[in-house]
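For reference, the structure is listed below as structure tokens.
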Amino acid sequence: MKIKVLTIFPEMLSGYLSSSVIGRALDAGLFSVELIDIRPYSQNKHKNTDDYPFGGGAGMVMLAQPIVDAAQAHASGRERRIYLSPRGRTLNQRIVEELAQEEELMLLCGHYEGVDERALQLCFPEELSIGDYVLTGGELAALAVIDSVARLIPGVLGSSESSEDESFTTGLLEYPQYTRPREFRGMEVPEVLINGNHALINRWRREQALRITRERRPELLETASLTAEDLAYLRSLESH
Ligand code: ADE
């Protein structure tokens, strides 16, 4: 997978992308990210990338010309093009899984009050939001897309960091985890996790995931795939 990011602040992404799991995966060539600075594409004599909005109002609007020229200069014709914006469809694990199947993505990060609509019409037909709140720019949202997609690419997560068991893959929230020491400030690790019976451990974890999901996000239980044993456990919670 090849990801191109158009931004006027490439340095906002570079630190994140060179660290930890994502940094290692990029070094190993498991996928690639190209940060494309929009500013050099500006034909404006001061290399401006924004201007006042027609019709008035607060803030500035990003110019169409540098965005369209940067996108065209780096286009392969095969990439899925996405503008990060609170106006878009809200990202979720289903969309992340779909994006992970793509060969190439081109992400546009906006700033200020937005982007000239014509740049979107010409080059970015799809919009994605990372949630119902407003960021100062799309860079953090682009990183959320890159990170969540990258961890589904084979080899990016080590086997010890497998993505199979976790929230939104099983459709349930995650069970509680513990590490050493066995007792911390008077609080003991649940006995079942220590006795080495993996069938019991798996059952305990599943029940904890069901319990936590029921408490915090009960609507997820409607779409999770549940066994007869799961349903019996959930019924047993109702009597408490
Ligand atoms: N840009 C500003 N806010 C955003 C959000 N919530 N999601 C995606 N891009 C954004």
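Would you be able to say whether some residue in the stretch 221-231 is under 27 Å from SER85 (Cβ atoms) and either among the small types (Gly, Ala, Ser) or part of a loop (DSSP other than H, G, I, E, B) (or both)?
Initially, the stretch 221-231 is screened for residues under 27 Å from SER85 (Cβ atoms), giving 223.
Subset that is either among the small types (Gly, Ala, Ser) or part of a loop (DSSP other than H, G, I, E, B) (or both): 223.
Within the stretch 221-231, one or more residues are under 27 Å from SER85 (Cβ atoms) and either among the small types (Gly, Ala, Ser) or part of a loop (DSSP other than H, G, I, E, B) (or both).
Read through the list (1) surrounded by 12 or more Cβ atoms within 10 Å (Cβ to Cβ); (2) modelled with pLDDT under 95; (3) more than 21 Å from GLU98 (Cα to Cα), then give the number of the only condition that PHE168 fails.
Tallying (1) surrounded by 12 or more Cβ atoms within 10 Å (Cβ to Cβ); (2) modelled with pLDDT under 95; (3) more than 21 Å from GLU98 (Cα to Cα), PHE168 fails exactly one: (3).
Is one or more of the residues making up the stretch 85-103 near the ligand (Cβ under 8 Å from one of its atoms) and over 15 Å from the mean Cα position of the chain (by Cα)?
no
Test LEU108 against the stated conditions and say whether it is surrounded by 16 or more Cβ atoms within 10 Å (Cβ to Cβ), under 18 Å from THR7 (Cα atoms) and modelled with pLDDT of 95 or more. Please lay out each step first, then the result.
Values: surrounded by 16 or more Cβ atoms within 10 Å (Cβ to Cβ): yes; under 18 Å from THR7 (Cα atoms): yes; modelled with pLDDT of 95 or more: yes.
In short, yes.
For the stretch 141-172, give me each residue that is touching a helix residue (DSSP H, G or I) at 6+ places or on another chain (Cβ under 8 Å) and within 14 Å of THR7 (Cβ to Cβ).
Answer for the stretch 141-172, where residues must be touching a helix residue (DSSP H, G or I) at 6+ places or on another chain (Cβ under 8 Å) and within 14 Å of THR7 (Cβ to Cβ): ALA142, LEU143, VAL145, ILE146.
Quick one: which of GLY196, GLY155, GLY186 is touching a Leu at 6+ places or on another chain (Cβ under 6 Å), on the phi > 0 side of the Ramachandran plot and more than 10 Å from the ligand (Cβ to nearest atom)? Even if it seems obvious, please write down each step before you answer.
On the way: GLY196 fails: touching a Leu at 6+ places or on another chain (Cβ under 6 Å); GLY186 fails: touching a Leu at 6+ places or on another chain (Cβ under 6 Å).
None of the other options fit; the residue is GLY155.
For residues in the stretch 112-152 being part of a loop (DSSP other than H, G, I, E, B), of a type in the set (D, E, K, R) and more than 9 Å from the ligand (Cβ to nearest atom), which is nearest to the chain's Cα centre (by Cα)? So that I can check it myself, show each step before the final result.
From the stretch 112-152, those part of a loop (DSSP other than H, G, I, E, B) are 112-114, 116, 124-125, 130-136, 138, 151-152; that's our starting set.
In the following step, the residues that additionally are of a type in the set (D, E, K, R) were identified as 113, 116, 132, 151.
Now drop any that are not more than 9 Å from the ligand (Cβ to nearest atom), which leaves 113, 116, 151.
Working: GLU113: 23, ASP116: 25, ARG151: 10 Å.
Per the criteria, the residue is ARG151.
Restricting to the stretch 18-34, what's the tally of residues that are more than 16 Å from LEU157 (Cβ to Cβ) and crowded, with 18+ Cβ neighbours inside 10 Å?
1
The values are calculated or read from the model by the stated rules, or taken from the named source; none is laboratory data. Just so it is clear, the model here is predicted, and its values are computed rather than measured. Cβ: placed from backbone, ideal geometry, glycine included. Neighbour counts: every protein chain shown.
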